[in-house]
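J.: If you scroll down you'll find the structure; I have some questions about it.
The values are calculated or read from the model by the stated rules, or taken from the named source; none is laboratory data. Treat the numbers as computed from the prediction; the structure is a model and nothing was measured. Please note: Cβ atoms are built from the backbone with ideal geometry, for glycine as well, and neighbour counts cover all protein chains shown. Just so you know, the surface numbers come from the protein's heavy atoms only, side chains and all, with ligands and any DNA or RNA stripped out. Shrake-Rupley method; radii C 1.70, N 1.55, O 1.52, S 1.80 Å.
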Amino acid sequence: MKAARLHARGGPELLVYEDAPRPDPAAGEALIRVYAAGITPTELTWPETYRTPDGHERLPTIPGHDVSGVVEALGPGVSEVSPGDAVYGLVAFPRDGSAAEYVAVRAADLAPKPPTLDHVHAAAVPLSALAAWQALFVHAGLAAGQRILIHGAAGGVGAFAAQLARWRGAHVSATASVRHHDFLRELGVEAAIDYRTTRFEEVLRDVDVVLDTIGGDTMERSWRVLRRGGTLVSVAAPPPPEPARDAGVRGIYFIVEPSRVQLVEIARLLDAGEVRPVLDAVLPLARAREAFERGLAGHVRGKIVLRVDETEAIP
Ligand SMILES: NC(=O)c1ccc[n+]([C@@H]2O[C@H](COP(=O)([O-])OP(=O)(O)OC[C@H]3O[C@@H](n4cnc5c(N)ncnc54)[C@H](OP(=O)(O)O)[C@@H]3O)[C@@H](O)[C@H]2O)c1
């Protein structure tokens, strides 16, 4: 099969488009014929990209943790999916990803592809939407009527978080550069703040939840916008305990986990038009290097997706 692979730890410059062995599905796994693969710009720096689940080095490695495709074959003991099913899902981190013509995935992590989306749009969903869902509803317990500030709301995670928070009935403020502001208002953001010209902590107070997808100085300045008893949940970096304690708030970091149940619920919202995937760019698999370079250059709006099956229409 064709795949985009790295043979050493590094950046997009080390990605090569080449022939690779087609994976065999192990017990509990499904082999997926990949139609489209979503990438996360930072994933080439993650330790899991180069490790097996038991901690051994894993090279060469195939990136891409969002998949949309069709079940081709099953390993022993799979009951969740059948050959021919159109599925989407999050490929677990310490294993080869979806930037390839085939990927083996734990069948329990897959859900039916939302029927109203083509594969390219479906591949923009799993990792970002699950991260947003888990941040808002599992870790922060966001409720209707609460106020949330989302940092990096135009990015992969942020664009889903803004829509899911609005769907839950929360009041959404968001940071992003000004060119994204009209777009963010379409997603349901009530107050868009240009992080380049406005210090968000000078215009916001008593927020119930902060979702931080940026980290660093952005996280440091976020404690003071929370009400006592509020929650800062970060996907960017673990919050230090002291400022959370001093502000009387919770600081949470987590790593997104695959969830078939949540993907089924997210598919229902996608099919109902309550939320939609946002595509920054769609490139063919052979241009995976360019896709990562584009993502790492910053300022993306939504997800970058690799089109693997050339017969799938470009949206
Ligand atoms: N822990 C987990 O499970 C998990 C899961 C997914 C992602 N992540 C991590 O979460 C982070 C975000 O991922 P992503 O895929 O959503 O990112 P992304 O798609 O690359 O988007 C980042 C967004 O932030 C904006 N931005 C940059 N600097 C900003 C600032 N100072 N304030 C506000 N917005 C700013 C960018 O555009 P503009 O500058 O034009 O506004 C862009 O829209 C990454 O570090 C990624 O590794 C973690």
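J.: Given the criteria modelled with pLDDT of 95 or more and more than 21 Å from I150 (Cβ to Cβ), does R268 qualify?
T.: yes
J.: Given A131, A135, A124, which one is surrounded by 24 or more Cβ atoms within 10 Å (Cβ to Cβ), within 16 Å of the ligand (Cβ to nearest atom) and not in a helix (DSSP H, G or I)?
T.: A124
J.: Scan the range 239-287 for residues that are basic (K, R) and either surrounded by fewer than 18 Cβ atoms within 10 Å (Cβ to Cβ) or in a helix (DSSP H, G or I) (or both) and jot them down.
T.: R245, R260, R268, R287 - these are the residues of the range 239-287 that are basic (K, R) and either surrounded by fewer than 18 Cβ atoms within 10 Å (Cβ to Cβ) or in a helix (DSSP H, G or I) (or both).
J.: Could you check how many residues of the range 193-229 are free of Cβ contacts under 8 Å to residues at least 24 places away in the same chain, more than 10 Å from the ligand (Cβ to nearest atom) and assigned to a strand (DSSP E or B)?
T.: 4
Rundown of residues vs (1) more than 21 Å from R289 (Cβ to Cβ); (2) touching a Gly at 6+ places or on another chain (Cβ under 7 Å); (3) within 16 Å of the ligand (Cβ to nearest atom), yes/no style:
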{"position": "E48", "(1), (2), (3)": "no, no, yes"}
{"position": "S68", "(1), (2), (3)": "yes, no, no"}
{"position": "A73", "(1), (2), (3)": "yes, no, no"}
{"position": "Y102", "(1), (2), (3)": "no, no, no"}
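J.: Restricting attention to the range 275-296, and to residues there that are over 17 Å from A159 (Cα atoms) and among the charged types (D, E, K, R), which single residue is nearest to the ligand (Cβ to nearest atom)?
T.: R294
J.: Kindly list the number of the only condition in (1) of a type in the set (V, I, T); (2) out of contact with any helix residue (DSSP H, G or I) (no Cβ under 6 Å at 6 or more places or on another chain); (3) under 21 Å from I255 (Cβ atoms) that fails for I148.
T.: Among (1) of a type in the set (V, I, T); (2) out of contact with any helix residue (DSSP H, G or I) (no Cβ under 6 Å at 6 or more places or on another chain); (3) under 21 Å from I255 (Cβ atoms), the lone unmet condition for I148 is (2).
J.: Let me ask something else about it. In the range 69-110, what residues are within 18 Å of V261 (Cβ to Cβ) and open to solvent by less than 30 Å² (accessible area, probe 1.4 Å)?
T.: Result: V78, V81, V87, Y88, G89, L90, V91, A92, V105, A107, D109, L110.
J.: Among the numbered criteria (1) assigned to a helix (DSSP H, G or I); (2) closer than 30 Å to Y35 by Cβ; (3) within 13 Å of the ligand (Cβ to nearest atom); (4) open to solvent by 10 Å² or more (accessible area, probe 1.4 Å), which one does G158 miss?
T.: (4)
J.: Of everything in the range 198-222 that's of a type outside the set (A, V, I, L, M, F, W, C) and touching a Gly at 6+ places or on another chain (Cβ under 7 Å), which residue is farthest from V256 (Cα to Cα)?
T.: D208
J.: In this structure, is G248 without any contact (Cβ under 8 Å) to a residue 24 or more places away in the chain and over 14 Å from A36 (Cβ atoms)?
T.: yes
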